[in-house]
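Laboratory data are not the source of any read-out in this text; all were calculated from the coordinates shown. Bear in mind the structure is a predicted one, so any value in this text is a computation, not a measurement. Here the Cβ is made from the backbone with ideal geometry for all residues, glycine too, and neighbour counts use every protein chain on show.
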Amino acid sequence: MSTRAPFMNTEYSGYYHRDVPKENEELTHVGPNTPCGEYLRRFWQPVAYSDELTDLPKKLRIMGEDLVIYRDFGGNVGLLELHCAHRGTSLEYGLVSQCGIRCCYHGWLFDRNGAILETPGEPADSTLKDRLFQGAYPIHESNGLIFTYMGPPENRPHFPLYDSMIRPGYKMMPGQSYILPCNWLQVAENSMDPVHTSFLHTIVTGSQFTDEFGVIPELEYVETPSGMVYVAGRRVGNNVWIRMVDNVHPNMQQVAPVWENGRDVHPFDGPMMTRWIVPIDDEKTMLIELRHISEEDEVTPAWWADGTMLPAQVPISDSLEEQQRQPGDYEAQTSQRSIAVHGLEHLGATDRGVIVYRRQIRQGIQAVKEGRDPLGLSPSADIPIPTFSNDEVVEARRGATPVEEVKLIKDIGHRLIEEYIEDPPNLRHLK
Amino acid sequence: MSTRAPFMNTEYSGYYHRDVPKENEELTHVGPNTPCGEYLRRFWQPVAYSDELTDLPKKLRIMGEDLVIYRDFGGNVGLLELHCAHRGTSLEYGLVSQCGIRCCYHGWLFDRNGAILETPGEPADSTLKDRLFQGAYPIHESNGLIFTYMGPPENRPHFPLYDSMIRPGYKMMPGQSYILPCNWLQVAENSMDPVHTSFLHTIVTGSQFTDEFGVIPELEYVETPSGMVYVAGRRVGNNVWIRMVDNVHPNMQQVAPVWENGRDVHPFDGPMMTRWIVPIDDEKTMLIELRHISEEDEVTPAWWADGTMLPAQVPISDSLEEQQRQPGDYEAQTSQRSIAVHGLEHLGATDRGVIVYRRQIRQGIQAVKEGRDPLGLSPSADIPIPTFSNDEVVEARRGATPVEEVKLIKDIGHRLIEEYIEDPPNLRHLK
Amino acid sequence: MSTRAPFMNTEYSGYYHRDVPKENEELTHVGPNTPCGEYLRRFWQPVAYSDELTDLPKKLRIMGEDLVIYRDFGGNVGLLELHCAHRGTSLEYGLVSQCGIRCCYHGWLFDRNGAILETPGEPADSTLKDRLFQGAYPIHESNGLIFTYMGPPENRPHFPLYDSMIRPGYKMMPGQSYILPCNWLQVAENSMDPVHTSFLHTIVTGSQFTDEFGVIPELEYVETPSGMVYVAGRRVGNNVWIRMVDNVHPNMQQVAPVWENGRDVHPFDGPMMTRWIVPIDDEKTMLIELRHISEEDEVTPAWWADGTMLPAQVPISDSLEEQQRQPGDYEAQTSQRSIAVHGLEHLGATDRGVIVYRRQIRQGIQAVKEGRDPLGLSPSADIPIPTFSNDEVVEARRGATPVEEVKLIKDIGHRLIEEYIEDPPNLRHLK
């Protein structure tokens, strides 16, 4: 656990608040043999887009491990330890082959499971290649993304099927990946903090999303079978707009459409994006996303379907002045320090989502430590896991008093999430 | 204390002189809770020029602490801990407001004393903002410079008034600030080492100042009520030119005009510049200066009044070759290593000023350690502190022998500094 | 010794192979007081080309020591500790003088043996300069290279004379020096690994040398009085081509001509290059070379005599893609990590040369540790040390069976190296 700095209750007290406690290692460190690293490794993690694999191998760093990924000319994808088992030369300089990848230095040829197919300089009767394996991780390719499982082989879970990805009328499209120079957790927990949406993305810089995001919503945080959602309720004219965003165990998010404005009544509409927050190492994080694109005209905005970046995720330019004038998620999150220091925070009501999310992570870590399965593992390759991200807009007359109005909005949100959990909307088409 | 390397007394002895002792931590480390850091924090320190504050906040690092400075639209300057007390986002991305600065992430608004004026996402009845403070340091603006006091609040001294800054006929003008990638001490002690002026600034590179600086002067180092001066006496024709430079406790300097040549007899004329050597951290130092500009024509050279950089303070160009051909203070000081290693030095007669200055710093550190006030604190906001930097040129017939000539020059210097300390020239106009 | 990672004998076993053992410190660390550093310091090491010394001094870093080298206007070369014995200013900014180098800060003047010739600011009767020395190392200039000896002064060996450098009909020409961002050992051992030549330099990228290098040779590794050679035998038509490359104690190499193709019968022809692998520090290495150029026309190719870089030693361009498509020694060696980790290697038959070379280094280290002279010290300044690098091509009818053919090639190689050791070809002209 991190230590806490003292609570400052006098003016001009900088002198008493200079010591910077250490980060919360348990929740933030992701390397091999760290509590959180072992927890995250119990899940399939996306590491690259399919179309990033050309005739050249690609170096990757995932949770502090140096790896190389390639697709051989036979079409199979391999994810191997970066350094050749022979003498340590990087397979980034290897030759992608018909089957496997060949080290440039002495020509050892590795298959995707780590088997050594050839050791050309060794005597014909050498058995080394039959006994030794290069470190390798299994691969699963899906929707244009390449996933790997980096946990203990005996615990490899089924590849998860999320109900939002098989919605009729929608196709999944690989989106953008980008890198933030900070710890994964401060990126991941941001989505359970919708107040920042009302502020950072609206008040500060002018509306990065729709104007309606500028109203701070009535909020509830609800644990679901697959993780948690926030339920944000806002009044828009005669309507109540209920927005839900999912954090799915342990580092996947589903975001409801940011182009929603709550003006037109409509039922559950599902997410615009599924996104994974993948640690590169303790101080660097990759975001990698799938976009949910409607096959119907004019449902998904053109900018989203054509691959345009979601606003505010990366700096607006290289100019510090422009970043200061238009900060977004990138500036807000990365400037929390390379690893945010929990011992210096003062969490309030707006941070309830963050608190719940950290508790879920801590519970997952604890389960793995104790040899139990963490929540969120896929029970089967065929049974879709329900998720809940969506916007829904209902007509509802305004409450007579401010207090009643708040209660009314919260009740609608509460009723909807209970209905969804009972009867997941994304699964109804399967019945 | 640092350890000493062995004294090498044989030729080709590199092999026996390879171990690099550690730096003298006591005098060089400046972070929170270090001996020297706590000593320097007992004094007001300049951190920025007034005109650097625009409608955007500015990130600062002072003595290893990360801070943000801003001037709000109400005109008040605040100097706060860089990271927001809520979730740690950098206030460098904050919004300067009518009163205070607002964090970009969730909109918390901080006043210059660290008070929290608003926490917009929190419930109306939240008392957090009434109990909690952001770390803050007090500010004093003077002569276009912004000073802060970063020591224990209960020990905050009066803001010092130096007599040289209220000389009739002179105005104070903000000058240049620049950064050296090395420890503060090796920069600060350079001014108590006038032999380097005769060498580095004259012999090596051709005259960076006047030709007369090329003569190694007769030197004395004298402790004064406000710090110390060197007294440098040189023969110029029928004149003796006495030059004094101040080191004022603990890290302020006053430099006599570098355009002096000693050819014309004149009385005490005061400094051309007051300069502070402010540690950014252990291995980075900011120089920040005020220029003393005469209101009379042709007293202060135009290049000094128009803001031109003092020669030799920064590299002449990006080319290593040009730096090698024309080294200045920058190259001489920064190349003493990022923190000069006292255990490798061999101090001689030329270093008496450095020895005295280090002893004064050590005494100040010791006082603070023992709970006493260090020398140099301002006793009152209204009583000017006497300082002594100046050039004075007197007519004096040459001594009959070299020995008598040396004695004669030294005696003149000695007499002058005794007179000045007795009756500070910069204060005479107040009588 | 380094620890070993577990031997992986199952597929997809990345999870069990994540821990990276420490490097083998004994063989790789080169700073003062390290086992290997002290061993390497018992030999003369080249540090610069003569023509790199101009009227400006040059900063060097050799085996973790910061030094300055210069040639004074009297023509003498000095190699001194970088930082001035007075106050530590870098002599890189010093003034090269008629005799010695002068510090820019206070003008101390140092001679090449470290003697202090002048301390201009000190009193006339100061004896400091007569007692104190700047750290210095002795210099030997030879064939356009400047060598130094950085070991214990009492153990300074004779400057070695290698027989290959006094071959009639050949002149020595300074070549290229270049820097690899990795440890010295993985660079040095590469030359005892001829299988990589058959692979990296031929199969992977198309022939960087001649096509004949693409055949993996029959190999033997033989310890010689001056170090070791590999003996590589290849069939070329009716000929057997025997190639030998020297590693001379402890970090010198002699490479046989890379333009050899084995098609024409010829006797022992000597090296094309002598090269030293000089550690800058643990993670940076300088290669510095002499080229052996025939005085006869059309023996040495024009590209070699005109200073063109040997292929594959440095990246082909700044583009990662081009480096991936055409990796050479640079990519293969530097990507073994900044210090290759022996505990992760799996050495095979192709690595016998590396194994022998490491054993020789370990024996040399052990000798120095025990106070004995390591092998390879020059016994006399006048007696040439025999070396053996060369190509020789003999006519030989092909063996009746593959097994006999292998034996035949090996026997020829074995016979030749035994003859050479018995009667060193480079010395025959002296008889």
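Within straight-line reach of A:LYS22, meaning a Cα separation under 21 Å, sit the following lysines at least 8 residues removed in sequence or on another chain: A:LYS284.
Prolate is the label for chain C, because the ratio a/c of its alpha-carbon gyration tensor axes (a ≥ b ≥ c) is 1.5 or higher and a/b is greater than b/c. For the stretch A:204-323, the gyration tensor built on C-alpha atoms gives a rounded shape. Its axis ratio a/c (a ≥ b ≥ c) stays under 1.5. Among B:SER177, B:SER319, B:SER389, which one shows the highest mean-square fluctuation when chain B is modelled as a Gaussian network with alpha-carbon springs under 10 Å? Its mean-square fluctuation being the largest, the pick is B:SER319. Spatially, the stretch A:224-256 and the stretch C:7-21 are offset by 41 Å when compared through their Cα centroids. Rounded to the nearest 0.05, what FRET efficiency do B:ASP264 and B:GLU141 have when you use their Cβ-Cβ distance and R0 = 45 Å? FRET efficiency, B:ASP264 to B:GLU141: 0.75. Peptide C:122-131 is shielded by partner chain Cβ atoms: per residue, an average of 2 of them sit within 10 Å of its Cβ.
Think of it as helices only: each DSSP H run of n ≥ 4 in chain B is worth -39500 (n - 2.57), and spread over all residues that comes to -5000 deg cm²/dmol at 222 nm.
In summary, the aspartates and glutamates within cross-link reach of A:LYS59, defined as a Cα separation below 16 angstrom excluding same-chain residues under 8 places away, comprise A:ASP51, A:ASP72, A:GLU81, A:GLU92, A:ASP281, C:GLU321, C:GLU322, C:GLU331. Using R0 = 22 Å, the C-beta based FRET efficiency linking B:ARG4 and C:LYS59 works out to 0.30. Both numbers refer to the Cα atoms of the stretch C:1-113; Rg and Dmax are 21.6, 70 Å.
Listed peptides B:228-236, B:307-315, C:240-248 appear in the order C:240-248, B:228-236, B:307-315 once ranked by packing, highest mean of other Cβ atoms within 10 Å at the front.
For the stretch A:30-136, a crude dipole built from +1 on the beta carbon of Lys and Arg and -1 on the beta carbon of Asp and Glu, taken about the Cα centre, is about 220 debye to the nearest 20. Taking every residue in A:77-87 and counting other chain Cβ atoms within 10 Å of its Cβ, the average works out to 5. Dipole of the stretch C:1-132 (Lys/Arg Cβ +1, Asp/Glu Cβ -1, origin at the Cα centre): which of C:ALA5, C:LEU80, C:ASN113 lies farthest to the positive side? The Cα lying farthest towards the positive end belongs to C:ALA5. A simple packing score, the average count of other Cβ atoms within 10 Å per residue, orders the peptides B:132-143, C:358-369 as B:132-143, C:358-369, with the highest score first. Net charge in the neighbourhood of B:LEU27 (other residues with Cβ under 9 Å of its Cβ; Lys, Arg +1, Asp, Glu -1) is -1. When the Cα gyration tensor is reduced to axis lengths a ≥ b ≥ c, the ratio a/c is 1.5 or higher for the stretch B:41-89, and with a/b not above b/c it is classed as oblate. Computed about its Cα centre, the charge dipole of the protein assembly as shown is approximately 2040 debye, with only Lys, Arg, Asp and Glu carrying charge at their Cβ.
Take C:GLY74, push a point 7 Å out from Cα through the beta-carbon direction, and compare it with the same point in every other copy: 7.3, 7.3 nm, smallest first. Look at where the Cα atoms of the stretch C:316-332 and of the stretch B:161-193 average out, and the two centres are 52 Å apart. For chain C, the longest principal axis of the C-alpha atoms and the axis of helix C:402-422 are separated by about 40°. Please report how far the C-alpha centroid of the stretch A:360-428 lies from that of the stretch B:339-368, rounded to the nearest whole angstrom. Centre-to-centre distance over Cα atoms comes out at 67 Å. Each residue, A:ARG359 and C:VAL236, gets one label point 7 Å from its Cα in the Cβ direction; the gap between the two is 7.8 nm.
Across peptide B:188-201, the mean count of Cβ atoms from other chains lying within 10 Å of each residue's own Cβ comes to 3. Seen from C:MET8, the other residues with C-beta closer than 14 Å to its C-beta sum to a net charge of -2, counting Lys and Arg as +1 and Asp and Glu as -1.
Specify the angular offset, from 0 to 90 degrees and rounded to the nearest 10, of the alpha carbon long axis of helix B:352-369 from the longest principal axis of the alpha carbons in chain B. Compared with the principal axis, the helix lies near 30 degrees.
The tail of the calculated P(r) for the stretch B:265-322 beyond 13 Å holds 73 percent of all Cα-Cα pairs. With pairing defined as another cysteine C-beta under 4.7 Å, the cysteines of chain C that fail it are C:CYS36, C:CYS99, C:CYS104, C:CYS182. Taking the charge dipole of the stretch A:223-285 about its Cα centre, with +1 at Lys and Arg Cβ atoms and -1 at Asp and Glu Cβ atoms, the residue from A:ASN239, A:GLY270, A:THR285 reaching farthest to the positive side is A:ASN239. Near C:GLN134, once Lys and Arg are set to +1 and Asp and Glu to -1 for all other residues with Cβ below 12 Å from its Cβ, the sum equals 0.
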